[in-house]
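Visitor: Okay, here's the structure, questions in a sec.
The values are calculated or read from the model by the stated rules, or taken from the named source; none is laboratory data. Remember, predicted model here, so these are calculated numbers, not experimental data. Cβ: placed from backbone, ideal geometry, glycine included. Neighbour counts: every protein chain shown. SASA here: full protein model, heavy atoms, side chains in, ligands and nucleic acids out. Shrake-Rupley method; radii C 1.70, N 1.55, O 1.52, S 1.80 Å.
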Amino acid sequence: MGSPSHKGSEYLPPPPPIIPPNVVPLQSGKVAAPAPKRLPMARRNHGTKGTPMTLLTNHFEVRMRQTEGYFCHYSVALFYEDGHPVDGKGIGRKILDKVQETYSHELEGKHFAYDGEKSLFTLGSFQRKKLEFTIVVEDLSSNRTARNDSPGGDGSPGEGDRKRMRRPSRSKVIRVEISYAAKIPMQAIANALRGQETEHFQEAMRVLDIILRQNAANQGCLLVRQSFFHNNPRNFADLGGGVMGCRGFHSSFRATQSGLSLNMDVSTTMIVKPGPVVNFLLANQNVREPHQIDWNKAKRVLKNLRINTNHSNTEYKITGLSDLPCNQQTFSLKQKSGHNGDSDAIEITVYEYFVNNRHIKLEYSADFPCINVGKPKRASYIPLELCTLVSLQRYTKALSNQQRASLVEKSRQKPQERMGVLTEAMRRNNYGADQMLRSFGISIGTQFTQVEGRTLPAPKLKVGNGEDFFPRGGRWNFNNKQLVEPMQIKWWAIVNFSARCDIRSLCNNLIRCGEMKGMHINNPHEVFEESNQFRREAAPIRVERMFEIIKKKLPGPPQLLLCILPERKNSDIYGPWKRKNLSEAGIVTQCIAPTKVNDQYITNVLLKINAKLGGMNSLLTLEHSRSIPLVSKPVTMILGMDVSHGSPGRSDLPSIAAVVSSRQWPSISRYRASVRTQSPKVEMIANLFKPGSETEDYGIIRELFVDFYSTSGKRKPENIIIFRLNTLSCTFLQIE
């Protein structure tokens, strides 16, 4: 029954029920059962197969001399004199350092670990639950307006330029409140290492990781979660476009079967190339002259970056650009007139001010916007050529294909080189001298941990005609081998974006090698050559124009579109082409960029094509004989799960969750994929289950279960094995 639609308060909806219909109230005298507690899963046993060997790991032994004490957690609040909270990245550490320096006695001589924001940890508690301190700090903000090197405040010169006017103090009074929040037993770490029940293990480990971050911050490192980057040019690698890769290291405490350890590894982040702002803009926009710079793009990429002024060595944060060029952008300059101390305001350009009043020679800034380092309503302008980008500033925009490839290549290190980097990082960090670690009774070894490993025998394979195949050295070669289930390609076409490829020779080689693998391949129905007039267009436009031609000449979607790319690596065509085929047209496509065509190259291409078309290249011998433990005898379903996120700087893009599941049991070589989009940067898969009604579910798991059931002789799985790729974990579920 519908209800009347009135706006008066007398037509309020009925109140919700006090007890929801699906909740059964507890009867008097009964206590609700506690929530089940999660315990670490004990390992059943150690493996024994294979040849034993000794391995070095990037773990360092950690010893804790005491486990009976407590970490005490305190919340930190910072306020100005007027009661407004202090905000700004990096300011908290400066303030807390001043507190420790000034009030060591009131802090009872304790050292503390501070996360840079709102949490502070000590070993043992202070005598009082709440502590309050007042300190005075100089130059609190890095975005200092109204200084003597730029037109300040309302665009007028900084106070230092007013010869007969007193310069005001830049000091700030800060009130610091430290309040008790919680107590974390150190025993939680020891309990977890013994496999015992523990509630505070994660919190205790977080405290230890915060100590590592504080150690790196004290060395002036750039902090990116648990990765730390020193300001050393030897660690920088130019990626092009004004972006550099900065090599550093990741450091965090881990619980292992051998006890607590420090895990260290090399890490890389992207930073803005330090140096003159104009040089960065030229490289970032790939232009040669400053007059070619797109200043709207420049404004977006420069916002919030820090600069240092060449003429006064003062650091600022960029808030924007001036609307007009330097020789047209004006501000009101106050000048003293007469003997009574009065001052008059005159309009003057930023260019005239720096050249005539500051006597600074400007070579090229006149015709370009100024850097604005002021506040929204109080602009403060500096000519472009006087500004230099400071080092260790993260570049968070999306990288180009070429930059990504360059980053991967320049980040690659051989094991010995990586060990050398980590050894140097351990030496430089000098954790043995860290006062916080020492006060917590924690010592860290300096030698790589040795573990026992095993080299497992390579699995035997089955190829076409029931032939056994033995991989050697971790690889196998399909030359002169037939496929287990070769597909026939009857209707396909070639799309050529490259002017250098010999299409006739390529087709002949594909057909010949395909016959050797058991694949019968007809001649292509059509070869689509890109017109020379389109090759200078943007990649998405080139793809769209090509598809217009394909739609006109083909009566329907082909089995396969073989796409020949113009560059071997990182072609701009690749992404738009794949998106158009897979997301919009639903056409199987294989991209190649042949530079040296031989049988091995063609064979590798055919293996990919056969799998994409639903064929099978090889089987495990154990799979063929149905003798895989826990998989072949009870009906077993295998799931693999992962989430991929947008590249840094693309927080607007959704994350992609994908789950693959085995099908056609007892086969483990055939899989079905299910893909969903979800909120950006969310690692938890959101749509595993998605109830649509009391009897319907539209989630990933049901979709895959139905497929497994229909392709496995209408059998339901008795066991489910889940591989969660991001956490490198495997879960075994036995269904009763």
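Visitor: The conditions are (1) part of a loop (DSSP other than H, G, I, E, B); (2) assigned by the TED database to the domain that holds residue 57, and residue 419 fails exactly one of them. Which is it?
Guide: (1)
Visitor: Can you tell me which residue is nearest to residue 114 (Cα to Cα) among those in region 193-208 that are open to solvent by 20 Å² or more (accessible area, probe 1.4 Å) and assigned to a helix (DSSP H, G or I)?
Guide: 206
Visitor: Here's something else I'd like to know. Could you check region 634-652 and list, in sequence order, the residues that are at pLDDT below 85 and either open to solvent by less than 20 Å² (accessible area, probe 1.4 Å) or not polar (S, T, N, Q) (or both)?
Guide: 646, 648, 649, 650, 652, listed by residue number.
Visitor: Does region 457-468 contain at least one residue that is under 34 Å from the mean Cα position of the chain (by Cα) and either of a type outside the set (Ser, Thr, Tyr) or closer than 30 Å to residue 284 by Cα (or both)?
Guide: Checking region 457-468: not a single residue is under 34 Å from the mean Cα position of the chain (by Cα) and either of a type outside the set (Ser, Thr, Tyr) or closer than 30 Å to residue 284 by Cα (or both).
Visitor: Determine, yes or no, whether residue 436 is of a type outside the set (Gly, Ala, Ser) and either in a strand (DSSP E or B) or at pLDDT below 90 (or both).
Guide: So residue 436 fits the description; yes.
Visitor: Let me ask something else about it. Does region 678-698 include one or more residues that are under 30 Å from residue 559 (Cα atoms) and assigned to a loop (DSSP other than H, G, I, E, B)?
Guide: The answer is yes, given that some residue of region 678-698 is under 30 Å from residue 559 (Cα atoms) and assigned to a loop (DSSP other than H, G, I, E, B).
Visitor: Next question, about the same structure. Any chance region 459-468 includes a residue that's open to solvent by 70 Å² or more (accessible area, probe 1.4 Å) and free of Cβ contacts under 8 Å to residues at least 40 places away in the same chain?
Guide: Checking region 459-468: at least one residue is open to solvent by 70 Å² or more (accessible area, probe 1.4 Å) and free of Cβ contacts under 8 Å to residues at least 40 places away in the same chain.
Visitor: Something else about it: Select from region 375-411 the residues that are in contact with a strand residue (DSSP E or B) (Cβ under 9 Å, 6 or more places away or on another chain) and part of a strand (DSSP E or B) and write down the one among them that is most open to solvent (accessible area, probe 1.4 Å).
Guide: 378
Visitor: Quick check on my filter: what residues within region 653-684 are surrounded by fewer than 14 Cβ atoms within 10 Å (Cβ to Cβ) and within 20 Å of residue 615 (Cβ to Cβ)?
Guide: 673
Visitor: Can you say whether residue 722 is touching a residue at least 40 places away in the same chain (Cβ under 8 Å), open to solvent by less than 80 Å² (accessible area, probe 1.4 Å) and outside any loop (DSSP other than H, G, I, E, B), as far as the supplied structure shows?
Guide: In short, yes.
Visitor: Return the residues of region 169-192 that are in contact with a Cys (Cβ under 9 Å, 6 or more places away or on another chain) and open to solvent by 40 Å² or more (accessible area, probe 1.4 Å); say none if nothing qualifies.
Guide: If the condition is that a residue be in contact with a Cys (Cβ under 9 Å, 6 or more places away or on another chain) and open to solvent by 40 Å² or more (accessible area, probe 1.4 Å), then 180, 181, 183 are the ones that fit.
Visitor: While we're looking at this one, here's another question. Being closer than 22 Å to residue 419 by Cβ and without any contact (Cβ under 8 Å) to a residue 12 or more places away in the chain: is that true of residue 225 here?
Guide: no
Visitor: Could I ask something else about it? How do the pairs read when you match residues in region 113-134 that are outside the structural domain of residue 434 (by the TED database) with residues anywhere that are surrounded by fewer than 18 Cβ atoms within 10 Å (Cβ to Cβ) and of a type in the set (Asp, Glu), using Cβ under 6 Å and keeping only pairs 6 or more apart or on different chains?
Guide: 132/177
Visitor: Test residue 115 against the criterion of being modelled with pLDDT of 85 or more, among the acidic types (Asp, Glu), crowded, with 17+ Cβ neighbours inside 10 Å and within 30 Å of residue 305 (Cα to Cα), and give yes or no.
Guide: Yes; evaluated as a whole, the condition is true for this residue.
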